[in-house]
Every structure is written in C-alpha cells, then in structure tokens.
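Have a look at this one before I ask anything.
The values are calculated or read from the model by the stated rules, or taken from the named source; none is laboratory data. Source: prediction; values computed, not measured. Cβ placement follows ideal geometry from the backbone for every residue including glycine, while neighbour counts extend to all protein chains displayed. Areas reflect the complete protein model, heavy atoms only, side chains present, ligands, DNA and RNA absent. Shrake-Rupley method; radii C 1.70, N 1.55, O 1.52, S 1.80 Å.
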Amino acid sequence: MSKRTSKNEQQMEFDWDFPSKLEKVVRERRQIQKNVAAGPAKKVQTENEFDLCILLSAGVKKAITESGLSRDHVVDGINVYFGRNHDDADKNEGICRKPITIHMLNNYLSKPAEYPVPAYYLFALHHVTHSLEPARVLVEAEGAKIATGADIRQMALGKLEEHIVEINRLKKEIKCQR
C-alpha cells in the first residue's frame, strides 16, 4: 500500500454537486420540450374591457408582491422614475404632473374598473418592481409569451444544438457516399 501524502495536481476532484446540476439540466430540458409541444398559449377571451382592467391590476399586484416592496415604496419609485415632485408640479409650467399618491395606487389596484391603470405607469412599474408581470398579462392576452435574456440564450443554445446535429448527420451522409 502506498503512503503517499501529496496530491497529484493533474488529478481532477469529483464535483459532488454534479448530480444535482445534471438533474436541473434534465428538468429544464423536459420543461422546454413540454413548452414546445404545448405550442402557443390560448388568447384570453373577455366579455368586456373591465375584465381586462382587472387582469392588468392583478398583474401589477403580483409584481408588487413578488418585489417585496411596500406600496409606499412603489409610489416613491414611480415618482422618482417620472421625476415628479410637489414643487415642480405647483410651478404650473406643465413639465411635471402631480406625483402619484398611495391612494391613487390603491384605487388602481382595488377598483380597476373605475380607475384603470394608465398604460404609461407600466414603464415605471416594470423598472421599480424589476418584474415583467404586467407586460406578461398584456402579451399573454394575445397568446404570446415574454422571453427573458436567459430564455433567449437557452433558445439560441437549442438552435445551435439543432445545427450541430444537422451538421453531424450531413457529415455521416457524406462519409457513407465515399
């Protein structure tokens, strides 16, 4: 038996996290295959525009909840995003609207049929909450999906793998013809 105490630097150590990493990749690949097989989402059918206001309000609520921010923080973030403050709004120069208040936001979220969320607020809400949930509601209503940067990279890798498989198939075909 050898009593060697030094490690061989060229010897790789076993990555104990490999099985969990492999399971994650397999799970993600199955999810992608399931999504591809399912095809595009179905369009949202509504009876009137009030239903759409409720859907959008629910998307905004979900974005706020998932962000972990209070509604007060969201209001402050929206006002910062648009550069709104009471001083500039009182000057009556027309370059700054009055800041949004917590009461206005609560009305948008709790009474969406009476007070629909103005579309331009979605820009600020996406920025403040770091969530695309309100946009997802709009996009999925037409049967589409939002793709994040990570999703786009995964799709590019999938396309690359398809091309590699096709190239290898053509190589085999050419070699068999010789």
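Restrict the check to segment 140-155 and report whether at least one residue is assigned to a helix (DSSP H, G or I), of a type in the set (D, E) and more than 21 Å from E28 (Cα to Cα).
yes
Which of (1) surrounded by 11 or more Cβ atoms within 10 Å (Cβ to Cβ); (2) under 30 Å from V36 (Cα atoms); (3) of a type outside the set (G, A, S) does I152 not meet, given it meets every other one?
(1)
Considering segment 29-70 alone, what residues qualify as being open to solvent by less than 100 Å² (accessible area, probe 1.4 Å), at pLDDT 85 or above, within 18 Å of R136 (Cα to Cα) and within 20 Å of the chain's Cα centre (by Cα)?
Within segment 29-70, L55, L56, S57, A58, G59, V60, K61, K62, A63, I64, S67 qualify.
Right, another one. Using the structure shown, decide if I146 is open to solvent by less than 40 Å² (accessible area, probe 1.4 Å) and touching a helix residue (DSSP H, G or I) at 6+ places or on another chain (Cβ under 8 Å).
yes
Here is a further query. Here are H103, H163, H126: which of them is surrounded by fewer than 12 Cβ atoms within 10 Å (Cβ to Cβ), assigned by the TED database to the domain that holds H73 and not in a loop (DSSP other than H, G, I, E, B)?
Testing whether each residue is surrounded by fewer than 12 Cβ atoms within 10 Å (Cβ to Cβ), assigned by the TED database to the domain that holds H73 and not in a loop (DSSP other than H, G, I, E, B) leaves just H103.
Output the qualifying pairs, or none if there are none: Cβ atoms under 7 angstrom, residues six or more apart or on different chains, first residue in segment 78-95 and of a type in the set (K, R), second residue modelled with pLDDT of 85 or more.
R84/P99
Residue by residue through segment 136-171, note down the ones that are in contact (Cβ under 8 Å) with a residue 40 or more places away in the chain and small (G, A, S).
A141, G143, A144, G158
I'd like the residue in segment 71-100 that is polar (S, T, N, Q) and surrounded by fewer than 16 Cβ atoms within 10 Å (Cβ to Cβ) and, out of all such residues, is modelled with the highest pLDDT.
Taking the candidates together, the pick is N85.
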